[in-house]
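The structure under discussion appears below in the form of structure tokens.
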Amino acid sequence: TSDPTNVTNGVGTVYARALRKSFGDRVVLDRIDLDVRCGEIVCLIGPSGSGEASLMHGLAGLHRPQTGAITIGGHPAGSRAAVARVGFVHDDLPLPMNLTGSELLDLLARSHRRWDPDLVADLLELLGLTRAAPQLIAEYSCGMQRKLRLAASLGHRPGVWILDEPFSGLDPVAEIT
């Protein structure tokens with residue numbers, strides 16, 4: 001087994017050990033172990049309420065499990081070093097509707113040292129948002145808002161990308177091609 005406290009782990013290495021999370025009497029995670037190494041893709045599938053979102057929120061550092069440990073690149077989940085390595089797309093995170101897409105991305109660029117404006121421009125082009133970027137987010141469709149979240153989550157070139165139902169409401173053929 002790997003040592004989750006070893007800070008020499010790759011920037012995108014995720015370790016979770018003996019995780020337990022409950023909401024009152026309802027246990028949603030019980031003794032969960034997870035290893036994800038750089039370049040690996042892991043998909044969590046289960047019925048609603050089975051704990052996938054709780055696990056992803058723990059990996060992103062949004063909450064701590066009652067027991068167990070999570071590290072990202074050798075750093076405790078939720079720490080500044082771990083958060084800098086994570087790009088997270090929340091299922092329904094509200095966007096600031098009074099900003100334009102460009103203003104939101106500019107705000108994020110100022111908050112991330114490793115922001116890559118060329119990558120973000122490429123992502124906007126790929127996702128068909130370049131022309132919409134100067135518009136208020138309030139004018140975006142649900143699908144456009146989801147695509148903006150995707151681009152925003154990758155702007156700092158995270159080593160770990162956590163997606164919580166990011167394609168809900170998207171038509172993959174019409175929206176991404």
Original post:
For the stretch 125-142, what are the residues that are of a type outside the set (S, T, Y) and either open to solvent by less than 10 Å² (accessible area, probe 1.4 Å) or under 8 Å from G101 (Cβ atoms) (or both)?
Top reply: L129, A132, A133, P134, Q135, I137
Original post:
How many residues are touching a residue at least 24 places away in the same chain (Cβ under 8 Å), open to solvent by 40 Å² or more (accessible area, probe 1.4 Å) and within 19 Å of W161 (Cβ to Cβ) if we restrict to the stretch 92-107?
Top reply: 1
**OP:** Inspect all residues belonging to the stretch 33-50 and state whether any of them is in a loop (DSSP other than H, G, I, E, B) and surrounded by 18 or more Cβ atoms within 10 Å (Cβ to Cβ).
**Re:** no
Original post:
How many residues, within the stretch 113-124, are surrounded by 15 or more Cβ atoms within 10 Å (Cβ to Cβ) and of a type outside the set (A, V, I, L, M)?
Top reply: 2
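The values are calculated or read from the model by the stated rules, or taken from the named source; none is laboratory data. Just so it is clear, the model here is predicted, and its values are computed rather than measured. A quick note on method: Cβ atoms are made from the backbone with ideal geometry, for glycine too, and the neighbour counts reach across all protein chains shown. For accessibility, only protein heavy atoms count, side chains too; no ligands or nucleic acids. Shrake-Rupley method; radii C 1.70, N 1.55, O 1.52, S 1.80 Å.
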